[in-house]
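The values are calculated or read from the model by the stated rules, or taken from the named source; none is laboratory data. All figures in this text were calculated on a predicted structure; none of them were measured in a lab. Quick reminder, even Gly has a Cβ in these numbers, built from the backbone with ideal geometry, and neighbours come from all protein chains shown. To get the accessible areas, we keep the full protein, side chains included, count just its heavy atoms, and leave off ligands, DNA and RNA. Shrake-Rupley method; radii C 1.70, N 1.55, O 1.52, S 1.80 Å.
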Amino acid sequence: MKNIIAIVLICMCNITFMHAQKYLTRTGSISFFSEAPLENIEAYNNQVSGVVDLETGGMAFTLLMKAFTFEKALMQEHFNEKYVESQKYPKATFKGNIKDFDSFQLGSEPVVIAVTGKLTMHGVTKELSVPATLMKDINGNIEGKSVFNIDIQEYDIKVPSAVRKNIADNIEIKVNMVYEKM
Amino acid sequence: MKKCKTLLTVGALFVLVSFSTFAQEDLLDLLNAQENPVTTYTIASFKGTRLVSGHSVETNAEGVLNFMIGHRFGAINSGWRDLYGLDNATVRLGFDYGLTDQINIGIGRTSFQKTIDGTFKWKFLRQQTGLKNFPLTATAVGTVYFNSSEWSNPDRDNLFSSRIAYHYSLLLARKFGEAVSLQLMPTVVHRNLVPTKEDMNSVVSIGAGTSIKVTNSLRFNAEYYFIPEGQISSDIGGLKVKNSLSIGVDLETGGHVFQLHLTNSRGMTEKYLIGENTGSWGNGDIHFGFNVSRVFTLKKPKEFRKKNL
């Protein structure tokens, strides 16, 4: 009987421990940059939710498309109304894992990792593998950074010919997250 | 007893394993559970701050200056000598500026009657879903008009106040789905000076309008102002005052919006649309016209004010 209690206790400890290995943020930043012959467009979203699980190596992100701020209000309206159709597809999400998590060792210096998973945007889900760095900062928070490119046509985002010189097909995305322990 | 223990151990392990799978599988659910509900405001009910000639509920965003050029040619039925109206155009040049996302001020000048107008526009309710639901967007518009043309009768005692007129509109709009927006615009136009005692100084009108999205950069618009009988008795140039009806399309290319219309009204302000329009669709008093608007961002959003963020 004692054994059983012990096992149950261990299990519970395990669960609590696992829970404690999750780091979360709701104020992460994702920005994107489009470089085209006629104009450069950039936008910032500082309300990105993200979680990283240091027990399993799992990662997830979610953001509202409408929370991207543009330099020009009209660009923001066009982005939401015509390109990403945020009324229909309000969110973009990513769910994935740290590649080769078994050999991953978190330190106070940025560690280069690869993250693979699925990015869902504009109703389209695509496999994605991107480089990133993770580190533990002096406050005990986890800092994650990544820069990668995506092709907007893969996500079924159509650019009319009239503005083809204003909007790039290939968009650079920068991710900057500071996760706090849950 | 031993068997029982083993069984329990296995059971406990099973729970543990399944929990850990659960924890891995549903990080997204975890994020969604953490989420606070947000309010989603309806955007782009109309493409421009004007439906055709009258105001729409839309306002310019904070720090955005909108330069508008409005043009109405003469009536199509004016014949070949006037190239079917192209010889006679009235022009309005205007600037609207967003003090905030919902409060705009504007100034404009129309060549017809050399009228200068100053506008205050406040979008005080927004159609929204999510945390709070509200079915309509409501905007109040007030305009002062100053007629700067020479007195038609300089010999009599002309008062400065006679040059002034006002209009007040309450604009109520709803966007149904992604493509169709409807707007109602109860409006009062107050003229300080009217031709006869039988003419009301304040003319009440109800307007209705719609905008229908055809493609991402093309919309169809219509606008109608109805003036109930008995408010205006004087003719203008021998013609009865008519209700104003306009149809048009919006063409959007990047930073410009081109609005092309056919209308029985030559004016581009509510004061003209309600009480000064004598054109009749039936008689062929149809004017081709356009608005071109170009926006300039004078004040950038805070994310863009510091460099190299």
Fill in the blank from the handout: Taking the range B:1-29 and keeping only residues that are at the interface with chain A (Cβ under 8 Å from one of its Cβ atoms), out of contact with any Asp or Glu (no Cβ under 9 Å at 6 or more places or on another chain) and either modelled with pLDDT of 60 or more or part of a loop (DSSP other than H, G, I, E, B) (or both), one is left with B:Lys5, B:Leu8, B:Thr9, B:Leu28
Exercise for the section: Please identify the pairs in which a residue from the range A:70-95 that is more than 24 Å from B:Asp26 (Cα to Cα) and facing chain B (nearest Cβ under 7 Å) has its Cβ atom under 7 Å from the Cβ atom of a residue that is among the aliphatic types (A, V, I, L, M) and open to solvent by less than 30 Å² (accessible area, probe 1.4 Å), counting only partners at least 6 apart or on another chain. Expected result: A:Ala73/B:Ala61; A:Ala73/B:Val64; A:Glu77/B:Ala44; A:Asn80/A:Met65; A:Glu81/B:Ala44
Handout entry: Complete set of residues in the range B:264-275 that are open to solvent by less than 30 Å² (accessible area, probe 1.4 Å), of a type in the set (Lys, Arg) and in a loop (DSSP other than H, G, I, E, B)
Key = none
Fill in the blank from the handout: Apart from one, (1) touching a residue at least 40 places away in the same chain (Cβ under 8 Å); (2) surrounded by fewer than 21 Cβ atoms within 10 Å (Cβ to Cβ) all hold for A:Glu42; the odd one out is (1)
Practice task
Among residues belonging to the range B:65-112 that are of a type in the set (Phe, Trp, Tyr) and part of a helix (DSSP H, G or I), point out the one that is farthest from B:Ala140 (Cα to Cα).
Solution key: B:Trp80
Fill in the blank from the handout: Contact list, first residue from the range A:155-182 and of a type in the set (Gly, Ala, Ser), second anywhere and open to solvent by less than 70 Å² (accessible area, probe 1.4 Å), beta-carbon distance below 7 Å, six or more apart or interchain, is A:Ala162/B:Thr253; A:Ala168/A:Ser34; A:Ala168/A:Ala36
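Table: residues versus (1) hydrophobic (A, V, I, L, M, F, W, C); (2) open to solvent by 30 Å² or more (accessible area, probe 1.4 Å).
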residue: A:Val112; (1), (2): yes, yes
residue: A:Val115; (1), (2): yes, no
residue: A:Glu127; (1), (2): no, yes
residue: A:Glu143; (1), (2): no, yes
Fill in the blank from the handout: Taking the range B:197-224 and the residues there that are under 20 Å from B:Leu51 (Cα atoms) and of a type in the set (S, T, N, Q), the one that is surrounded by the fewest Cβ atoms within 10 Å (Cβ to Cβ) would be B:Thr215
Practice task
Would you be able to say whether some residue in the range B:147-160 is at pLDDT 95 or above and assigned by TED's automatic domain parsing to the domain that holds B:Ser45?
Solution key: no
Completion exercise
Filtering the range B:276-299 down to residues that are crowded, with 17+ Cβ neighbours inside 10 Å and either among the charged types (D, E, K, R) or part of a strand (DSSP E or B) (or both) yields B:Glu276, B:Asp285, B:His287, B:Phe288, B:Gly289, B:Asn291, B:Ser293, B:Val295, B:Thr297
Practice task
Give, as residue ranges, the strands (runs of 3 or more DSSP E) completely inside the range B:164-230 that count at least 2 residues that are more than 26 Å from B:Val257 (Cα to Cα) and modelled with pLDDT of 95 or more.
Solution key: B:164-176, B:180-191, B:202-215
